[in-house]
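*Asks:* What follows is a structure written as structure tokens; I'll ask about it next.
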Amino acid sequence: MLFEDSANLLRTLLLSMGAYGSLILVLRLSGKRTLAKMNAFDLVVTVALGSTLATILLNKDVTLAQGVLALIALVLLQYAIAWLSVRYSSIERLAKAEPAVLLRDGKLVEDTLRRERVTADEVKSALRSSGLGSFELAAMVVLETDGSLSVVPKSSVGLCSAFPRDERPNGAG
């Protein structure tokens, strides 16, 4: 069946415009951090916002006002967790993962690869994307809290102040 009646189509169209506009407004008011690609917690909030938007549009039992309130609640909860994480390290540890070193001094850290479920091929891909042709050219490859892989070439080591938990490659600062 293509559609039941034109009233349902009009309802979906009007709700889409209202819900989309409301979501954009809520996100603009909440700041850039709300949809930042930072960690698993932020991903959950992003998915929940999308799911809530879909529910507003497709569930006849949910009014626009209820849906917008749910969107605002999700953004406020995300804001509260982010605010608390900045002030309390115990909250930050609950909400965010730690970065994990997958390669150090040109050698794979096998235990970490297994624990984080990352393959050597994925590390190789990150090296290639960074313009490096071998493990030996990398001081470190880090699985970041957002799931991305950061590559630090040996030529860019410096004082290592950006390395996780002060993990320094051999011979560095």
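The values are calculated or read from the model by the stated rules, or taken from the named source; none is laboratory data. Predicted, not measured: the structure shown is a model, and the values here were computed from it. Glycine also receives a Cβ, built like all others from the backbone with ideal geometry; neighbour counts cover every protein chain displayed.
*Asks:* If a residue must be in contact (Cβ under 8 Å) with a residue 24 or more places away in the chain and more than 17 Å from Ser30 (Cα to Cα), how many such residues does region 40-52 contain?
*Replies:* Qualifying residue count, region 40-52: 1.
*Asks:* Looking at Ser89, Ser125, can you tell me which residue is over 17 Å from the mean Cα position of the chain (by Cα), outside the structural domain of Leu10 (by TED's automatic domain parsing) and of a type outside the set (D, E, K, R)?
*Replies:* Ser125
*Asks:* Which of the residues spanning region 78-111 are assigned to a helix (DSSP H, G or I) and in contact (Cβ under 8 Å) with a residue 24 or more places away in the chain?
*Replies:* Result: Gln78, Tyr79, Ile81, Ala82, Ala95.
*Asks:* Exactly one of (1) surrounded by fewer than 18 Cβ atoms within 10 Å (Cβ to Cβ); (2) aliphatic (A, V, I, L, M); (3) assigned by TED's automatic domain parsing to the domain that holds Gly50 is unmet by Leu108. Its number?
*Replies:* (3)
*Asks:* Considering only region 122-173, state which residues are part of a loop (DSSP other than H, G, I, E, B), loosely packed, with under 14 Cβ neighbours inside 10 Å and modelled with pLDDT of 90 or more.
*Replies:* Matches in region 122-173: Gly131, Gly133, Ser134.
*Asks:* Scan region 56-66 and tell me whether some residue there is buried (at least 16 other Cβ atoms within 10 Å of the Cβ) and closer than 24 Å to Ala40 by Cβ.
*Replies:* No, the conditions are met nowhere in region 56-66.
*Asks:* Six or more apart or on different chains, Cβ under 8 Å: which pairs go from a residue in region 54-69 that's under 18 Å from Leu9 (Cβ atoms) and modelled with pLDDT under 95 to one that's surrounded by fewer than 15 Cβ atoms within 10 Å (Cβ to Cβ) and charged (D, E, K, R)? Could you list them?
*Replies:* So the pair list comes out as Lys60/Arg11.
*Asks:* Another one. Do we have any residue at all in region 91-100 that's farther than 15 Å from Ala40 by Cβ and either in contact with a Cys (Cβ under 9 Å, 6 or more places away or on another chain) or not polar (S, T, N, Q) (or both)?
*Replies:* Checking region 91-100: not a single residue is farther than 15 Å from Ala40 by Cβ and either in contact with a Cys (Cβ under 9 Å, 6 or more places away or on another chain) or not polar (S, T, N, Q) (or both).
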